[in-house]
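A quick write-up on the structure given underneath.
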Amino acid sequence: MSTSRGGGSALHAHGRGSHIIAREMWLQFGVGAAIFLLVIGLLLWIVLRRRDASAEEVADEHRPLLWLVLGGIVLPLVVLSALFGWSVHDVVALAHPKTKEAAIVDVTAHRWWWEIGYPEEHVKTANEVVVPVGEAVRFRVRAADVIHTFWVPELGRKIDAFPHEWNTIWLEADRPGRYLGVCAEFCGLQHAHMQFVVRAVSPAAYRAWLRAAAQPAHAPATAQERRGLAIFQTTSCAYCHTIAGTRAAGWVGPDLTHMASRPRLAAGTLPNTPAALRRWIAAPQEVKPGNLMPPAHLPADDLNALVAYLEALR
Ligand code: CUA
């Protein structure tokens, strides 16, 4: 997804957790590389220096027992103990936020999208999380169906999403930006089409966003939008989706109260444009086979009205 700052790579660390992980990774790589070079260097030294010597001379001169004890026992013991200690230190650091938590976000993984809730502010959204920069956010993660894994590589570690059980991690973005999130546990046909975006903004912009997100949906302003809302409420749409302020209160699919403000449709699968939305509503099984959304068999005029209404839900 082009929205992400570092392309969704864990090597582009933009959060406290991902910095810890990247540092750990480079440390392990650096120590491993140094030992590899040491062994290769010793090997070359032996081959080049002692080609002309007899086996007895080499054995006498180099005290094999000392080499064995130092190189085979002491060195691995020291290096592996140090790495283990450092890893334990990092795992403990990852498990706790450094600052007081600024927000709680509830994440429920579905096949194949992410339900996002801000329980204290009574805000619901989908496939997009807005967080304040530089502040710790507690994510409570669970699944609605099968096991998924919640992962924002640029911000921190993964956490499994289990049905009927909350798992917790803290993420903290250290600069503003959009960070790609993915499902990191194979969960069926559309596992790869289960993306979300974490948008890190200034604390003031975050609070402004929360206030806007807590508002009911935009009331239809034109005849076409009114027709769109009527279609939404009288067809199968309303069984599965919620639009706050209308009669639609389904909970099977994503909350659409402010869907036009989100950058992508269908968990990252499509851009959020009228053309893509029309295609998604008319033939969701062609776009994302296996997902739970049934096709809407609507005349072209009705479909256009529905799309006009939904794209006005900022
Ligand atoms: Cu959800 Cu893979």
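Brief remarks on what is shown
- Of THR242, THR149, the residue with the largest accessible area leads and the full order is THR242, THR149 (1.4 Å probe).
- Projecting the Cα atoms of VAL197, LEU210, ALA244 onto the charge dipole of region 194-271 (Cβ charges, centred on the Cα centre) puts LEU210 farthest toward the positive pole.
- Figure note: GLU120, GLU101, GLU128, GLU24 ranked by solvent-accessible area, largest first, 1.4 Å probe, ligands and nucleic acids not counted: GLU120, GLU101, GLU24, GLU128.
- Calculated over the chain: convex hull of Cα atoms, volume per residue (Å³): 164
- Amide H contacts under 5 Å for ASP106, placed H, 5+ residues apart: GLY117, TYR118, ARG140
- Long-range HN-HN contacts of GLY181 with modeled amide H, under 5 Å: PHE196, VAL197, VAL198
- Region 91-97 - phi-based ³J(HN,Hα) in whole Hz, Karplus 6.51/-1.76/1.60, Gly and Pro as x: 4, 5, 4, 5, 7, 10, x
- Relative contact order for region 101-213, counting Cα pairs under 8 Å that sit 6 or more residues apart, in percent: 29
- On the chain, 64 percent of the accessible area sits on carbon and sulfur atoms, based on a 1.4 Å probe.
- With θ taken as phi - 60° and the Karplus curve 6.51 cos²θ - 1.76 cosθ + 1.60 applied, the whole-hertz 3J(HN,Hα) list for region 125-130 is 8, 8, 6, 8, 10, 10 Hz, x standing for glycine and proline.
- Using the Karplus relation 6.51 cos²θ - 1.76 cosθ + 1.60 with θ = phi - 60°, the per-residue 3J(HN,Hα) values for region 272-279 come to 8, 10, x, 5, 5, 5, 4, 5 Hz, with x marking Gly and Pro.
- Gyration tensor verdict on region 223-311 (Cα atoms; rounded if a/c is under 1.5, prolate if a/b is larger than b/c, oblate otherwise): rounded
- Put a plus charge on the Cβ of each Lys and Arg, a minus charge on the Cβ of each Asp and Glu, and nothing anywhere else: the dipole of region 75-232 about its Cα centre is then about 380 debye.
- When the Cα positions of PRO220, THR99, PRO176 are compared along the charge dipole of the chain, PRO220 comes out farthest toward the positive end, with charges on each C-beta of Lys, Arg, Asp and Glu.
- Estimated at the nearest 10 Å², the accessible area of TRP209 is 40 Å² with a 1.4 Å probe.
- Assigned charges on the beta-carbon of Lys, Arg, Asp, Glu; the chain dipole about Cα centre (debye): 840
- Counting only protein heavy atoms and using a 1.4 Å probe, the accessible area of ARG175 comes to about 90 Å².
- Average accessible surface for region 157-281: 48 Å² per residue, computed with a 1.4 Å probe over protein heavy atoms with every protein chain in place.
- Reported to the nearest whole Å, the Cα centre-to-centre distance from region 114-152 to region 203-276 is 18.
- Cut-off under 5 Å, modelled amide H: who pairs with THR149 long-range: ALA161, ALA184, GLU185
- Candidate lysines for bridging to LYS98, where Cα separation is under 28 Å - those fewer than 8 sequence places away on the same chain excluded: LYS124, LYS158
- Peptides 215-225, 26-36, 268-278 ranked from most to least packed, by the mean per-residue count of other Cβ atoms within 10 Å: 268-278, 215-225, 26-36.
- For ALA260, the shell of other residues with beta-carbons less than 11 Å away shows a net charge of +1, using +1 for Lys and Arg and -1 for Asp and Glu.
- Where labels lie 7 Å past Cα in the beta-carbon direction, separation of LEU189 and HIS89 in nm: 5.0
- Accessible surface ranking for MET194, MET293, 1.4 angstrom probe, highest first: MET293, MET194.
- Length gained when the stretch GLU121-HIS12 is fully extended (0.36 nm per residue, less Cα-Cα span): 36.1 nm
The values are calculated or read from the model by the stated rules, or taken from the named source; none is laboratory data. Computed from a prediction, not measured in an experiment: that's the story for all the values here. FYI the Cβ positions are ideal-geometry reconstructions off the backbone, even for glycines, and counts take in every protein chain you see. Ligands, DNA and RNA are excluded from the accessible area calculation, which covers all protein heavy atoms including side chains. Shrake-Rupley method; radii C 1.70, N 1.55, O 1.52, S 1.80 Å.
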